[in-house]
Structures are given as C-alpha cells and as structure tokens.
Amino acid sequence: MCGIAGRYARHPMSAPAVDALSARIQSALHSRGPDGGAAHYDEDVLLIHRRLSIIDLSAAGAQPLWNETRDVCVLVNGEIYNYQDLRHSLHARGHRFRSQSDSEVLVHLYEDGGIDGCCRAIHGMFAFALWDARTRDLYLVRDRVGIKPLVFAEHEGGFTFASNLHGLLADECVPAALNPEALLSVLRWGFVPTPWSAIAAARHLVPGTWVRVRGGRVVEERRWWTDEPPAALVGDAEVRDAIRRAVKSHLVADVPVATLLSGGVDSGLVSLLAASESGEGELRGFTVSHRGHAEDEWADAHAMAHHAGIQLREVPLGGGGLTEEVFESVVGAMDEPLATSSMVGLWELFRAIAPDRRVVLSGDGGDELFGGYDWHLSMPGRPRWADGPLFRVAAPLLARGRALPGRFGSVGRLAALTRRHPASIYLDRLRLLDVTELEAVGLAPNDAEPLEAVARTAWDRFAPRGLLEQMLAVDRATALVDEMLAKVDAASMSHSVEARVPFLDDGVLAAATALPSDRKRQGPVGKVCLREWLAGLGAASASTRRKTGFNSPVAAWLDGPASGRLRGRIDDAVALLGLRGAPASARGRFALAVIGEWVSRAQAARRVTPPRPNDDSWRDGPGARRAFVPSTGEA
C-alpha cells in the first residue's frame, strides 16, 4: 500500500521546479507511505512514490520498479494477490526480477501482453501508473471494483494524477475551484459519485478502467473489465472455496496482520477463516464500541473473537466520543467529503490499530455480493392500472401531491414512480435525504448525476438474472465504490494502515455473481449461504444475527462536546450552498457539518474557490435552471 502521484507536463520542467513539486506532493501523501519516498523525472514526466512497506521490506522493493532494460516502470498503490503464480510463469518465459515485491510482475506482464493483457492477468486491489519511455505513454489503471482510489486533472500545465485530492492539489497547476454539484450530491447520497470530484477540474478514474496519457493530455480511455452476469451458475462449494483462497492470499505480508471484527456474519467469517490460517495467538482483532448506546456491538464481537481464539481489543467511542479535535481530524482525512457517520468510528479504530498492526482484513463487500441489506427484500410495486395511458398522462400533475397525507399522498407517490427507470427508483433506498427532505431545504433529485447513469447501466445489464441481482449490481457500481470503500481507504491510510477486503477478491466476486439468488436471500434473511456456513463452523449465534451495520450515535454527537463546531459548520454549508435551511434529520445536519468543515479546510490549504453565495443558477431547486453540468467522464 502506498501513495502515488505524478505530472506529465506539456513542456520540460526545470530541476528546481521538479524538486519543489515532488516535495509538496510527497508531504501531502506522507501518511499513505511513511517508510520512504522516491521521484523519477524523465524530460516532461515526473513520477512520485511514497512507500508503506508490506511485502519485501528491503530497499529492492522501493518504487518505481523497472523492467530489465529500464525503459518501463510502475508505481503501485495496493497489492497483487496472485503475484507468486504470475512470477513463476514470467520466470519461465525468461523475465528476471530484482525484488520480491508483488508489484514487479506488472512491468513484465505489460511487456508480454500490453496494458490490457497486464490488467486481465492480475488479481488484487490496485491503482497503478505505468510509464513506457519507449512510446512516452503513461497509463493509469484502477482495479475492478474500485478498492483503491486514483484521481487526475488536465490543466494548462499538462496532466497531474495522485492517489487522492490532497496529493493532486499539491500541484498548484491544478485549478482549485469547487464543484457545487458534487457538494450537493453529498446531501443527496452522502458521498460524491464517481467520476465527479468536489474539485471541478478533478476526476476520479472509473473502476475497471485505464487511461493513456501522452504529451500531457488524455488520448485514450477504455474499460478493461465490466461487472457482468455469469455464463453459468455455481453452488455453495465453489463460493466457499473462493472465499477460503481469498482470505489465505490476503494474509500474505511481511508484517503482522489483524482483522476488523463487529460480530456480524461477514467480519466473523473472515476472522474465523483467518484464524484457522494463522498460528495460535498470532491474529488480533479490533472493534469499536458505543457503550450505553443501541449501536454498540461489543458483546457480539467479543463472543465471536472468543470462538475464533482471537485476542480482541476494544476501541471505545461513546456518544460523547466526538470531540472537535476528532471531527476536524476525521474530515481532514477525507479525500472527498463523506457524510457517513461510521467514518468517525473507523478513524478512531485505525488510530488504535496503527501502533500495533499495518495490515487488517475487513468484511466489507459481503452485503453487496450476497444480499445482506434490508432493502434487498423488495422493490416498490405499482398496480397494473398505473401503467395505463390516462394515469401516465396525469402522473406529472398527481406527483405534486406526493407529500400530502392519506390517499392523495399515496396516489401522488405512485405517480412519481411513473416514467422513472427502475434503477432510479431503487436508488431512492440509498439516499441520505429523501425527496421530501431535499425539497424542504430547496433541492430536488438530479437525474443528470453520473450515479443515475451508472445505476441504470448496471440494472439493465443484470436484467437476465432477476431483481435481486440487479439490486446488487447497482450497489457494487455506486455506494460500494464511493462510500464504503472510500471511507475505509481514507480512514486507514490516514494512519498508515492497509485495509484488505477478501470478499472483493476477483475469485469471490466471480463465484458470488454466479451463485443462484435463492442461496443469497430467502425472504427477510440475507446472506443465506454465508449464514449456513458460519453456523457449520460453530458460530450459530452470529449466523442468526440481524444486519446492523457499522453505526454511530449521530444525534448524541450533535448535542455533545463538538456541538458548537458542528453547528457553525452547518451554518457555513447552508450559506455556501444557498439552502433554505438545515435538514431536520440528524444525519442530514451531520452531512452539512462535514461539507462545511471540508470546504473550510480545503480553502485554507489551497485557496479553493467557492460558488458565489447569492448565485443559485447552478442549483436544482424548484424553478432553478441547470447551468452547471460537469462531464461524467464515461469511457
């Protein structure tokens, strides 16, 4: 795990300019790689790497890593889990290695099969930059499901990329104007949807995609992987085998490994399997507790740790646990503003882990593969008469009454579903604020957001597999990338800890999408196959536990030690975005506090340009015109 960055300039840079830019970016990325840094400059290309040593701790594992003739090199953030098998086959084909690093296989795979062959051969979590000095092509690549982030910007000086916005904005050539639509998305969803960024000039690389840069400009962008329905179905045995192999491969490290444990099905299964692959007493578990609050999971986590033979450390974070200092630090760790309250607990968790472990395994991804969320039970339905021509004509007028009580409101809500794509209807389940709450503050849903297009594509692609698989495909393409994985990466890397996600291993992903839907969900019970497996491993109580999520007592925080700071940032965000006021819900107000704090910190760090407070021409409120439509960046 590391931090990577670079600039492909339109013209050669002077040595002092190169040194200054490298120093600024390395400082911004230091927490992602505290073990050392390196820079390589080739006429108009600057490549920067910050190292977090996990595999091959020697100097030979430092990046960039080169091929034998030193005309192809790579910078990698992440891990290649099948590198040992690839290394053996590459050796047999005559390639020679200088290190034991998992990343070195990439330059040799590229030599043999080009960028597409290289991407398709590797299994892992990664974002990498590959420089071919022979053709002067720079490739940026992101893993299949977006576990590792990568952001870039084209500007007058050329092209800049980095692992996160902190590194990107360290290049003063990158325009720092805010993207107001992205900030409003945080209120709608709780996150900024890919490929948007809170910075207008920046764009996140779409998962499963590569871009080719030449002469300081993007000249090609292409998907190398797509989440698609399988050609044939598999059974529980294949899924279990894939998960076992994934956990084993994710334990490979030259430093000690731990697990994140909540007591639920996913983290419990990962911890049990990891313990079985580790020596007695080697594996440690960590969990957050909210003692005295309904969100507390300590008792369940402790029971699972005892069953697995894992030493468990509790990281307490009660309702009074959110101080101003913690809030500032958590938001400061965010690449993009994230309104998910669980980021606070994760940040505290990784702060506690950092002195003791550098690698942790988590159970993230299990819900999106095996139907673990309550909203996977059903979709809003409508009677046949609602599809009739008269109702469809009257629907726009009737929909205006959806907030009314009683029968009129029910008809209005039904009318609002008419002419909407099913994926957009499903996305309503994922909203931070519902339509009524948005309208109360002067906003409305924005069907032009990239999230909507991504969801519709995923939904239609999985239509042959049925409703549940369509829901899961949308989850994987949206909230998994931009909320779940984003918060884990930000929280872990702010403390120089690598978080690995075995459930999102390529083999597990392939097996899970090929598993029949009735082995994932049966009525109100999700993750059926995993629950049965967990029960068979002796953890019967955990196998029947209801999904709770990694929740936090947000309402208590808003009245706690940081309440003054939170209220101030809420007011700042309301003024910045030109809202009618703050939402009534605790999570809506927390979202505004995050936006206000994030913008304040960004302004202090890079003098970012906010939208004009009295100019609402870019807003989506009733009667407002749309003048701000950032590119979706589709390949």
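Restricting attention to the range 361-398, which residues are open to solvent by less than 10 Å² (accessible area, probe 1.4 Å) and at pLDDT below 90?
Scanning the range 361-398 gives Ala386, Ala395.
Taking Val411 as the residue in question, decide whether it is touching a Lys or Arg at 6+ places or on another chain (Cβ under 9 Å), open to solvent by 30 Å² or more (accessible area, probe 1.4 Å), farther than 23 Å from Trp459 by Cβ and modelled with pLDDT of 70 or more.
So Val411 fits the description; yes.
Just to be sure, is Arg521 open to solvent by 10 Å² or more (accessible area, probe 1.4 Å), modelled with pLDDT of 95 or more and more than 12 Å from the chain's Cα centre (by Cα)?
yes
Asp489 is checked against (1) under 21 Å from Ala591 (Cβ atoms); (2) at pLDDT below 90 and fails just one. What number does that condition carry?
With respect to (1) under 21 Å from Ala591 (Cβ atoms); (2) at pLDDT below 90, Asp489 is out only on (2).
Answer yes or no as to whether Arg87 is touching a Gly at 6+ places or on another chain (Cβ under 8 Å) and either closer than 24 Å to Val359 by Cα or buried (at least 21 other Cβ atoms within 10 Å of the Cβ) (or both).
Answer is no for this residue.
Output the number of the condition that Val252 fails; it satisfies all remaining conditions of (1) more than 30 Å from Val574 (Cβ to Cβ); (2) of a type outside the set (Asp, Glu); (3) surrounded by 17 or more Cβ atoms within 10 Å (Cβ to Cβ).
(3)
Here's a check for you: in the range 300-319, which residue that is part of a helix (DSSP H, G or I) and touching a helix residue (DSSP H, G or I) at 6+ places or on another chain (Cβ under 6 Å) is nearest to Ser278 (Cα to Cα)?
Out of the qualifying residues, it is Ala308.
For Glu532, which of the numbered conditions (1) surrounded by fewer than 24 Cβ atoms within 10 Å (Cβ to Cβ); (2) closer than 28 Å to His421 by Cα fails to hold?
Single failed check for Glu532: (2).
For the range 164-177, name all the residues that are open to solvent by less than 10 Å² (accessible area, probe 1.4 Å) and farther than 19 Å from Val18 by Cα.
If the condition is that a residue be open to solvent by less than 10 Å² (accessible area, probe 1.4 Å) and farther than 19 Å from Val18 by Cα, then Leu165 is the only one that fits.
Pairs please, first residue from the range 454-469 and within 17 Å of Pro230 (Cβ to Cβ), second anywhere and among the basic types (Lys, Arg) and part of a helix (DSSP H, G or I), Cβ atoms under 8 Å, 6+ apart in sequence or on different chains.
Short answer, once both residue conditions are applied: Ala458/Arg476.
Filter the range 550-607 for residues that are in contact with a strand residue (DSSP E or B) (Cβ under 8 Å, 6 or more places away or on another chain) and open to solvent by 20 Å² or more (accessible area, probe 1.4 Å) and give the result.
Within the range 550-607, just Phe550 meets the criteria.
Looking at (1) surrounded by 23 or more Cβ atoms within 10 Å (Cβ to Cβ); (2) at pLDDT 95 or above; (3) over 18 Å from the mean Cα position of the chain (by Cα), find the lone condition where Glu181 falls short.
Of the numbered conditions (1) surrounded by 23 or more Cβ atoms within 10 Å (Cβ to Cβ); (2) at pLDDT 95 or above; (3) over 18 Å from the mean Cα position of the chain (by Cα), the odd one out for Glu181 is (2).
Restricting to the range 453-468, give me the number of residues that are assigned to a helix (DSSP H, G or I) and touching a helix residue (DSSP H, G or I) at 6+ places or on another chain (Cβ under 6 Å).
Going through the range 453-468 one residue at a time, the tally reaches 6.
Whether any residue in the range 493-507 is assigned to a helix (DSSP H, G or I), open to solvent by 10 Å² or more (accessible area, probe 1.4 Å) and either touching a helix residue (DSSP H, G or I) at 6+ places or on another chain (Cβ under 9 Å) or touching a residue at least 60 places away in the same chain (Cβ under 8 Å) (or both) is what I want to check.
Yes - at least one qualifying residue is present in the range 493-507.
The conditions are (1) at pLDDT 95 or above; (2) more than 29 Å from Ala463 (Cα to Cα), and Thr226 fails exactly one of them. Which is it?
Going through (1) at pLDDT 95 or above; (2) more than 29 Å from Ala463 (Cα to Cα) one by one, Thr226 breaks only (2).
Look at Asp571 and say whether it is within 26 Å of Glu228 (Cα to Cα), part of a helix (DSSP H, G or I) and of a type in the set (Asp, Glu).
In short, no.
Just a yes or no: is a residue in the range 337-360 surrounded by 15 or more Cβ atoms within 10 Å (Cβ to Cβ), modelled with pLDDT under 95, among the β-branched types (Val, Ile, Thr) and in contact with a helix residue (DSSP H, G or I) (Cβ under 7 Å, 6 or more places away or on another chain)?
So far as the range 337-360 goes, yes, one or more of its residues are surrounded by 15 or more Cβ atoms within 10 Å (Cβ to Cβ), modelled with pLDDT under 95, among the β-branched types (Val, Ile, Thr) and in contact with a helix residue (DSSP H, G or I) (Cβ under 7 Å, 6 or more places away or on another chain).
For the range 32-56, what are the residues that are open to solvent by 40 Å² or more (accessible area, probe 1.4 Å) and outside any loop (DSSP other than H, G, I, E, B)?
Pro34, Gly37, Ala39, His40, Tyr41 - these are the residues of the range 32-56 that are open to solvent by 40 Å² or more (accessible area, probe 1.4 Å) and outside any loop (DSSP other than H, G, I, E, B).
Among the candidates Ser22, Ser27, which residue alone is touching a residue at least 40 places away in the same chain (Cβ under 8 Å) and either among the hydroxyl-bearing types (Ser, Thr, Tyr) or in a strand (DSSP E or B) (or both)?
That would be Ser27, the only listed residue that is touching a residue at least 40 places away in the same chain (Cβ under 8 Å) and either among the hydroxyl-bearing types (Ser, Thr, Tyr) or in a strand (DSSP E or B) (or both).
In the range 81-111, what residues are part of a loop (DSSP other than H, G, I, E, B) and of a type outside the set (Lys, Arg)?
Result: Tyr81, Asn82, Gly94, His95, Phe97, Ser99, Gln100, Ser101.
Against the conditions (1) touching a residue at least 40 places away in the same chain (Cβ under 8 Å); (2) in contact with a helix residue (DSSP H, G or I) (Cβ under 9 Å, 6 or more places away or on another chain); (3) closer than 30 Å to Ala275 by Cα, where does Val255 fall short? Just the number, please.
(2)
Do the conditions hold for Gly190, that is, is it touching a residue at least 24 places away in the same chain (Cβ under 8 Å), under 30 Å from Ala582 (Cα atoms) and either open to solvent by 10 Å² or more (accessible area, probe 1.4 Å) or under 19 Å from the mean Cα position of the chain (by Cα) (or both)?
The answer is yes for Gly190.
Name the residues in the range 57-80 that are small (Gly, Ala, Ser), outside any loop (DSSP other than H, G, I, E, B) and either at pLDDT 95 or above or under 24 Å from His495 (Cβ atoms) (or both), would you?
Of everything in the range 57-80, those that are small (Gly, Ala, Ser), outside any loop (DSSP other than H, G, I, E, B) and either at pLDDT 95 or above or under 24 Å from His495 (Cβ atoms) (or both) turn out to be Gly61, Gly78.
Only residues that are open to solvent by less than 10 Å² (accessible area, probe 1.4 Å) and either touching a Gly at 6+ places or on another chain (Cβ under 6 Å) or at pLDDT below 95 (or both): list them for the range 452-476, please.
Glu452
The values are calculated or read from the model by the stated rules, or taken from the named source; none is laboratory data. Given the structure is predicted, the values throughout are model-derived calculations rather than measurements. Cβ: placed from backbone, ideal geometry, glycine included. Neighbour counts: every protein chain shown. Just so you know, the surface numbers come from the protein's heavy atoms only, side chains and all, with ligands and any DNA or RNA stripped out. Shrake-Rupley method; radii C 1.70, N 1.55, O 1.52, S 1.80 Å.
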